[in-house]
1. As a test of the formula, what do you get for the chain when each DSSP H run with n ≥ 4 contributes -39,500 (n - 2.57) and the sum is divided by the residue count, at 222 nm and rounded to the nearest 500 deg cm²/dmol?
2. How about the stretch 1-82: which trypsin sites (Lys or Arg not before Pro) there lie in a loop by DSSP and see at most 13 other Cβ atoms within 10 Å?
3. Given axes a ≥ b ≥ c from the Cα gyration tensor, I'd like to know whether the chain is rounded (a/c under 1.5), prolate (a/b larger than b/c) or oblate.
4. Report the calculated FRET efficiency for residue 27 and residue 203 (r = Cβ-Cβ distance, R0 = 30 Å), to the nearest 0.05.
5. At R0 = 35 Å, how high is the FRET efficiency between residue 90 and residue 268 if r is their beta carbon distance? Nearest 0.05 is fine.
6. For the stretch 249-308, which trypsin sites (Lys or Arg not before Pro) pass both filters: DSSP loop (anything but H, G, I, E, B) and at most 10 other C-beta atoms within 10 Å?
7. With springs only between Cα atoms under 10 Å, which of 150, 235, 131 fluctuates most in a Gaussian network model of the chain?
8. Quick one: if the Förster radius is 45 Å, what FRET efficiency do residue 71 and residue 211 give, using the C-beta to C-beta distance and rounding to 0.05?
Amino acid sequence: MDLKEEIKRLKQKLDVTVVAHFYQKDEVFELADIVGDSLELARKASQTNSEYIVFCGVGFMGQSVKIIAPEKRVLMSKVACCSMARMIDVAYFDENLAKLNSYGIKNEDILPITYINSSAEVKARVGQMGGLVCTSSNAFKIIEQGLKSGKKIFFVPDRCLGQNFAIKMGLKSCVLGDGTNPNDADIICYDGFCAVHQLFTPEDIDFYRSKYPGIIVAVHPECDVKVVEKADFVGSTSQLIQYIKSLPEDQKVVVGTEYNMVNRLREKNTYILSSTKPECPTMNETTLQDLYDTLKSIEDGKPTNEVFVSEDVVHWAKIALQRMFEIS
Ligand code: 13P
Ligand code: SF4
């Protein structure tokens with residue numbers, strides 16, 4: 001059986017939209033109807049007319065579509081969870097709030113902002129507290145708006161994103177538990193991170209700059225502060241693609257983000273900012289066979305890997321997401 005042909009046949013026959021993040025393997029990515037960064041996927045997938053969304057990505061992405069458009073049936077072609085999103089749950093969130101309280105910072109003086117890479121339950125908790133969601137492409141605007149509340153921002157779960165945007169905005173930040181008094185910070189970050197983006201180091205940048213003078217360094221804001229400080233361009237996956245494609249063909253560029261995306265960017269003069277292949281293990285779990293099996297399960301009337309989010313979680317998580325959409 002030719003899997004690709006079968007997938008195309010099923011896509012034509014069924015009331016389905018296949019959605020893929022840029023980090024998906026090429027063979028899966030090529031068959032998607034919608035591709036994009038986290039923000040674009042949440043927005044575009046929830047606006048389609050299809051009854052079914054088959055999501056090739058990680059769990060929080062499928063959940064976001066289900067939260068925005070609960071009437072849709074969202075299936076994950078593989079049940080895969082972003083390891084950063086798993087670093088925080090509601091219990092950890094509340095434990096960290098209690099730590100902030102122990103420094104004399106009251107809940108009513110805290111505005112939580114969660115990176116979209118978090119569970120529906122964490123988003124709901126944030127929404128309940130008056131907070132909102134951000135993605136790597138709109139974090140600046142969201143934090144800027146959040147600061148207008150006059151409250152301290154509690155940023156979860158990615159400490160790097162929180163710290164990088166604090167620096168960009170001339171704000172003080174700290175990581176809760178690093179020994180700094182959070183009263184001295186404008187943005188207090190939870191101690192989560194992306195293991196894939198931690199692979200990139202300032203030494204990697206030095207190496208490429210000395211090997212190829214004039215090379216441009218472009219990285220994702222999930223990279224460590226020391227890497228972002230040395231980079232020429234910082235952006236979400238979509239922003240990186242747009243920027244790199246706008247460069248003259250002979251301009252060398254080295255990129256600090258996931259391998260699959262960087263590999264398909266340009267034919268020449270594009271390098272990966274690490275000697276270790278930076279593949280996201282969970283994004284890479286989805287295969288062509290998984291995509292086929294999921295579509296076939298719809299044809300057989302027994303949909304698999306369906307995303308379900310309870311009504312009360314949808315209610316508050318949707319509020320947190322809608323607050324983000326109103327701003328960006
Ligand atoms: P983007 O929103 O930039 O696509 O990032 C998602 C992600 O998980 C990056 O590691
Ligand atoms: Fe999560 Fe990192 Fe993979 Fe992005 S690259 S999905 S943040 S583990």
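1. Values: 14 runs with 135 residues, N = 328.
About -12000 deg cm²/dmol.
2. Sites meeting the loop and neighbour criteria: none at all.
3. Numbers: a/c = 2.14, a/b = 1.14, b/c = 1.87.
In terms of gyration-tensor shape, oblate.
4. Working: r = 34 Å, r/R0 = 1.12.
Efficiency computed from Cβ-Cβ geometry: 0.35.
5. Values: r = 47 Å, r/R0 = 1.36.
The calculated FRET efficiency here is 0.15.
6. Working: sites: 252, 264, 266, 268, 296; in loops: 252, 264, 266, 268.
For trypsin sites (Lys or Arg not before Pro) across the stretch 249-308 that sit outside H, G, I, E and B with at most 10 neighbouring Cβ atoms in 10 Å, the list reads 268.
7. For the chain, modelled as a Gaussian network with Cα springs under 10 Å, the answer is 150.
8. Values: r = 53 Å, r/R0 = 1.18.
Efficiency at R0 = 45 Å is approximately 0.25.
None of the figures in this text is laboratory data; all of them are computed from the coordinates on show. Computed from a prediction, not measured in an experiment: that's the story for all the values here. So basically every Cβ, Gly included, is an ideal-geometry build from the backbone, and we count neighbours across all protein chains shown.
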